[in-house]
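The structure appears right after this line, and notes come after that.
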Amino acid sequence: NVLLIIGESLSANRVSYLGHDRPTTPEHERMMAKYPDRFFRFTRFYSNSTTTRESLPSLVTGVHPLEDFRKVHRLPLAFEYGKAFAGTETFLFSSQSYRLNNFRAFFESPHLDRLYTLEDTDYPAFNSKGMDDAHATDALVDFLAHHDRQRRFFGILHYNATHYPYRVPEAFLKWGEANVPDRYDNSVLYYDHNVGRVLDALEERGYLDNTAVLVTADHAEGLGEHGIWAHGQT
């Protein structure tokens, strides 16, 4: 099985297991300590773009944004390669609105068994134009609980908590709201909490032995470096 987890606007330099001095990713680190031989940390980071509009299609097709844009609409999406193996179940669960950037039409495919975004729910927008990440996590945990273990799966989980304005439940306001970096670190902590729930669900159902979990981001976030805040400005 393959599970690709995409953190929205997630900066590597705010991740504690990659060197940040605040403990923003305790759930990742808990599982790393438990399974030290199963985790691989990549320490060189390259984003295909500073906007989700370009970086997400690039991630799932391998087409760089500088290439002819028509290639993005002609090549298979990542889950379609998974579907090439007989019996594989595919899904894409996202906290975000996929009306934005016309992602809904881009991702709809006869090879995608389940597409779950804000538009498939009655949940309100919670952070920016996305719902609370807890709902996408719930959807994945429910999928794992009912999945036929005789079938492979290839899935994408696309989160939203670390998108501006970095809104999180009150319990995750660990560093307060006095400034943007504090609010951002809170959002990384909340993202980590949800990834921890996913890893626990995989462990409880015996999937960690045969599932590759890939954790990445579509792009990072400016927190004042070079005078840049948020993303999409360069």
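Here is a yes/no grid of residues against (1) modelled with pLDDT of 95 or more; (2) among the polar types (S, T, N, Q); (3) more than 15 Å from Asp133 (Cα to Cα); (4) part of a helix (DSSP H, G or I):
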{"residue": "Ala171", "(1), (2), (3), (4)": "yes, no, no, yes"}
{"residue": "Lys174", "(1), (2), (3), (4)": "yes, no, yes, no"}
{"residue": "Asp182", "(1), (2), (3), (4)": "yes, no, yes, yes"}
{"residue": "Leu189", "(1), (2), (3), (4)": "yes, no, no, yes"}
{"residue": "His193", "(1), (2), (3), (4)": "yes, no, no, yes"}
{"residue": "Arg197", "(1), (2), (3), (4)": "yes, no, no, yes"}
{"residue": "Asp200", "(1), (2), (3), (4)": "yes, no, yes, yes"}
{"residue": "Val213", "(1), (2), (3), (4)": "yes, no, yes, no"}
{"residue": "Gln233", "(1), (2), (3), (4)": "no, yes, yes, no"}
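Go through (1) more than 21 Å from Leu199 (Cβ to Cβ); (2) modelled with pLDDT under 95; (3) open to solvent by less than 30 Å² (accessible area, probe 1.4 Å); (4) among the small types (Gly, Ala, Ser) for Gly130 and report which single condition fails.
The number of the failed condition is (2).
In the set Gly130, Gly19, which member is within 18 Å of Glu221 (Cα to Cα), without any contact (Cβ under 8 Å) to a residue 12 or more places away in the chain and not aromatic (Phe, Trp, Tyr)?
After ruling out the rest, the residue left standing is Gly19.
Checking Thr90 against (1) of a type in the set (Ser, Thr, Tyr); (2) touching a residue at least 60 places away in the same chain (Cβ under 8 Å); (3) in a loop (DSSP other than H, G, I, E, B), which single condition isn't satisfied?
If we test Thr90 against (1) of a type in the set (Ser, Thr, Tyr); (2) touching a residue at least 60 places away in the same chain (Cβ under 8 Å); (3) in a loop (DSSP other than H, G, I, E, B), just (3) comes out false.
So, Ser97, is that one modelled with pLDDT of 95 or more, assigned to a loop (DSSP other than H, G, I, E, B), more than 28 Å from Tyr207 (Cα to Cα) and touching a Ser or Thr at 6+ places or on another chain (Cβ under 9 Å) or not?
yes
Show the residue pairs that are 6+ apart or on different chains and have beta-carbon atoms under 6 Å apart, the first residue being within the stretch 105-125 and more than 20 Å from Gly87 (Cα to Cα), the second being open to solvent by less than 30 Å² (accessible area, probe 1.4 Å) and among the charged types (D, E, K, R).
Once the first residue is more than 20 Å from Gly87 (Cα to Cα) and sits in the stretch 105-125, no partner that is open to solvent by less than 30 Å² (accessible area, probe 1.4 Å) and among the charged types (D, E, K, R) comes close enough.
Results for (1) surrounded by fewer than 17 Cβ atoms within 10 Å (Cβ to Cβ); (2) within 30 Å of Gly82 (Cα to Cα); (3) touching a residue at least 12 places away in the same chain (Cβ under 8 Å); (4) among the small types (Gly, Ala, Ser), shown as yes or no for each residue.
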site: Leu144; (1), (2), (3), (4): no, yes, yes, no
site: Gly155; (1), (2), (3), (4): no, yes, yes, yes
site: Tyr159; (1), (2), (3), (4): no, yes, yes, no
site: Tyr166; (1), (2), (3), (4): no, no, yes, no
site: Ala171; (1), (2), (3), (4): yes, no, no, yes
site: Gly176; (1), (2), (3), (4): yes, no, no, yes
site: Val180; (1), (2), (3), (4): no, no, yes, no
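Is it fair to say Tyr123 is open to solvent by 80 Å² or more (accessible area, probe 1.4 Å) and part of a loop (DSSP other than H, G, I, E, B)?
So Tyr123 fits the description; yes.
Condition first: of a type in the set (Val, Ile, Thr) and closer than 28 Å to Arg41 by Cα. Can you find one or more residues in the stretch 122-142 that meet it?
The answer is yes, given that some residue of the stretch 122-142 is of a type in the set (Val, Ile, Thr) and closer than 28 Å to Arg41 by Cα.
The values are calculated or read from the model by the stated rules, or taken from the named source; none is laboratory data. Model, not experiment: these values are computed from the prediction. Heads up, the Cβs are rebuilt from the backbone with ideal geometry, glycines too, and the neighbour counts pull from every protein chain shown. We work out accessible area using only protein heavy atoms, side chains counted, and drop any ligands, DNA or RNA first. Shrake-Rupley method; radii C 1.70, N 1.55, O 1.52, S 1.80 Å.
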